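Following: one structure in C-alpha cells, then a few remarks.
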Amino acid sequence: MARPRISARQRLARALKELHDVLGADRGVVRGPQISNDTRVLLLKTGYLREILKGWYFVSDPTSDAGDTTPFYANFWEYLARYLSDRFGADYCLTAEQSLLRHAQYNVIPPTVNVMLAVNQSQVQDLAFGHTVALYPGKGGFPAPAHQYMLQGLRCMSLPYCLVNLPPRYFTAHAREVQIAMAQMNDPGVLAVLVDVNRAGLARLLSGYRQVGRIDFVDAVLNQLKGLNIQIRTDDHPFDAESVYSLGRPGRTPLYARIHMLWMQHREAVLTCRPTTAIITASPDEYLTQVQAVRVEDAYHSLSIERYRVTLELIRKIAEEGWDPLNNEDDMKQVAAMAAKGYLDAFDLVKDDVVQAYTSRETDTLLGSRLFSEQHQVWYQKLFGPSVNAGILERADLVGYRRHMVFLRGSLHSPPHYDYVLDGMEALRECFSQEPDAYVRAVLGHWLFGFIHPYMDGNGRMARFTMNLMLASGGYPWTIIRVEDRDRYMGALESASASDDITPFAKFLSECVVRGSNSTANL
C-alpha cells in the first residue's frame, strides 16, 4: 500500500515543529547540523530561516523583505554567545567596557564588540550589516573564573570587577551607563576585596560614588579597608559635573535607573521644542466635541501607521455598529476590523480620561499622570477585547505586561527583557508624577512607553493614547500623527532610542500639535 502523500502545508508544519523542538520559544539562532537538510532547505525557501552568516541560520518573518535586518539584530546577542562558546569554550570574556554595557542592559547593538581571549590569538571577525567582533589576547588582564559572570549566555566580567577595571575615559564617554551599573551595587565588601586587583580603579570608582551622592556606601567600603591599614583617596571627579544623575533606588533593575536618567537627560531638549501657540481655550464640552470629531480620522491614521490594512469606510462601518463578527463570516475573518473595533472601544475610554485631564489642567496639573497609572491597563484590554471575543487571544493575555521577548523591525534598539518591564513602568509612572510640564510628559512619555515596550502588541497605539492624555493635561488639542508622516515619525523615534537624540522627535511632535491646534480652530 502506497504511503499517503502529505501536502505542502503539512511538510511546512513538520519542518517548523522540528525547528521549535530544537530552539523552543525564546531562541532564534540555529546551526546547520542541528536540523535536517530537508527542513533547512524548506524553511529557507519559505522565508522562516535566513542564512545571515555562513552556517548560522536566523529565525525570520516570511513576510519581511530580503534585506530586512531584524533577524540579525533581534538575535545578535544569542548568536554572539553561541559563536564565542562554540569557538573558544571558557577561554573568552567580554572586556570591562563591553561587560559594563551588558550589566547596564544597554540594548543598542554596537558596531564592534571587543572580546579578550585566554589564548594568544588576534582577529577582527566580520559579522553582518557592518558589525564586527574584535578578538585579542587578554594576557595578564584575563579575569579569573571567580571574576567572570554568565549574562544571557555571554561570559562577562562580574559587575564589581568590570567597574574597578573601567578606563578613566569611560566615566565621561559613557557616564550614564556607568552610573546605571553602579546603582546595582549594595554590598561594600565586594568592592573592598578588589583593592589588590586595581587600587587606582577602586579609588576612581569610589570617587564616582561620592559624586553621585552615595557617600554612606563609600564610607562603608573605606571602613572595611581601614582595619587593613589601607587608605584610598576618594576626592577625584571622574564624571563631568553635567553628567551626574540620580541613581534611584539601589538594588533595582538597570531599567528603573535608565528610565529616570533618560528623563532627566532629555527634558531640557524637549522644553526648547515646546509649541508656544498651540494651547487652546475651549470649554470642557467644546473640547469633548473636538475629540469626538476626530475619532474616525485618528483611528485610521493610528492603525495605518502600524500597517493594518484599514480604510475609512471600514472604520465608519464599525463606528456605526455595522460590523457583525458573530453572524458575518467575512467580518469574523477581518483582522483589521478587529483592530479597528478595539481601537474605537479604547478611544472612547481614553476620550473620557482626556476630557477629565483637560478640565483639571489648571487646578490639578498631574491628574493626567494619575489617570495613566490607573487606566492604561484598561485601555489595553479594550484595545484587544475583540481578539478575546473571537477566540484569538485568551483573557489571561490581557493581564499584566508581556511575558516574552519582542523586537522592533529594522531597529538597532531592542526592548528590554520582560523580567524588567515592571520596574521600567514603575519608573515611568514616577517620572510622570514628578514632571511639571505637560509637553515634556507627552513627548518623553510617548517615547519611553515605546522604549519599554510593555506589551506584546499595541505599544504604538498605547503610546499615542498616553501622549494625548498628557497633552490634554496642558491644554493642548488631541493630536493625530498622520500615516503619511510615518517614516519621519519612526525615524525620529529611532534617533531617540538608538542615537540618544530626542530633538527630532520633540520637533516632530511640536509640528503635529500645532497642526492639531490649527485644525481645531477650523472645526
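Just a few scattered comments:
- Scanning region 118-142 for residues that are in a loop (DSSP other than H, G, I, E, B) and open to solvent by 60 Å² or more (accessible area, probe 1.4 Å) yields Asn120, Gln121, Ser122, Phe129, Gly130.
- Some residue of region 84-97 being over 26 Å from Pro160 (Cα atoms), touching a residue at least 40 places away in the same chain (Cβ under 8 Å) and part of a strand (DSSP E or B): no
- For Glu374, the conditions (1) surrounded by fewer than 16 Cβ atoms within 10 Å (Cβ to Cβ); (2) assigned to a loop (DSSP other than H, G, I, E, B) are fulfilled apart from (2).
- Some residue of region 471-489 being crowded, with 24+ Cβ neighbours inside 10 Å, at pLDDT 95 or above, in contact with a Ser or Thr (Cβ under 7 Å, 6 or more places away or on another chain) and hydrophobic (A, V, I, L, M, F, W, C): yes
- Counted residues, region 381-418 - those being touching a residue at least 24 places away in the same chain (Cβ under 8 Å), farther than 15 Å from Trp77 by Cβ and either part of a helix (DSSP H, G or I) or aromatic (Phe, Trp, Tyr) (or both): 9
- Arg210 out of contact with any strand residue (DSSP E or B) (no Cβ under 9 Å at 6 or more places or on another chain), open to solvent by 10 Å² or more (accessible area, probe 1.4 Å), assigned to a helix (DSSP H, G or I) and in contact (Cβ under 8 Å) with a residue 12 or more places away in the chain: yes
- Residues of region 504-523 classified as open to solvent by 40 Å² or more (accessible area, probe 1.4 Å) and over 20 Å from Ala293 (Cβ atoms), total: 3
- Residue in region 156-166 that is closer than 30 Å to Arg87 by Cβ and in contact with a Lys or Arg (Cβ under 7 Å, 6 or more places away or on another chain) present: yes
- Hits in region 132-191 (condition: acidic (Asp, Glu) and more than 27 Å from the chain's Cα centre (by Cα)): Asp187
- Residue that is farthest from the chain's Cα centre (by Cα) [pool: residues in region 15-56 that are open to solvent by 80 Å² or more (accessible area, probe 1.4 Å) and of a type in the set (Lys, Arg)]: Lys45
- Scanning region 233-247 for residues being aliphatic (A, V, I, L, M) and buried (at least 19 other Cβ atoms within 10 Å of the Cβ) gives a total of 1.
- Taking region 57-85 as the range and being open to solvent by 50 Å² or more (accessible area, probe 1.4 Å) and over 20 Å from Gln152 (Cβ atoms) as the test, the residues that pass are Asp61, Pro62, Thr63, Asp65, Ala66, Gly67.
- Listed by first and then second residue, the pairs with beta-carbon distance under 9 Å, at least 6 apart or on different chains, first residue in region 354-373 and without any contact (Cβ under 8 Å) to a residue 40 or more places away in the chain, second open to solvent by 30 Å² or more (accessible area, probe 1.4 Å) and of a type in the set (Lys, Arg), are Asp364/Arg370.
The values are calculated or read from the model by the stated rules, or taken from the named source; none is laboratory data. For clarity, every value in this text was computed on a predicted model and none was experimentally measured. Neighbour counts are summed over all protein chains in view; Cβ atoms, including those assigned to glycine, are modelled from backbone coordinates with ideal geometry. Note: accessible area is taken over every heavy atom of the protein model, side chains too, but ligands, DNA and RNA are not part of it. Shrake-Rupley method; radii C 1.70, N 1.55, O 1.52, S 1.80 Å.
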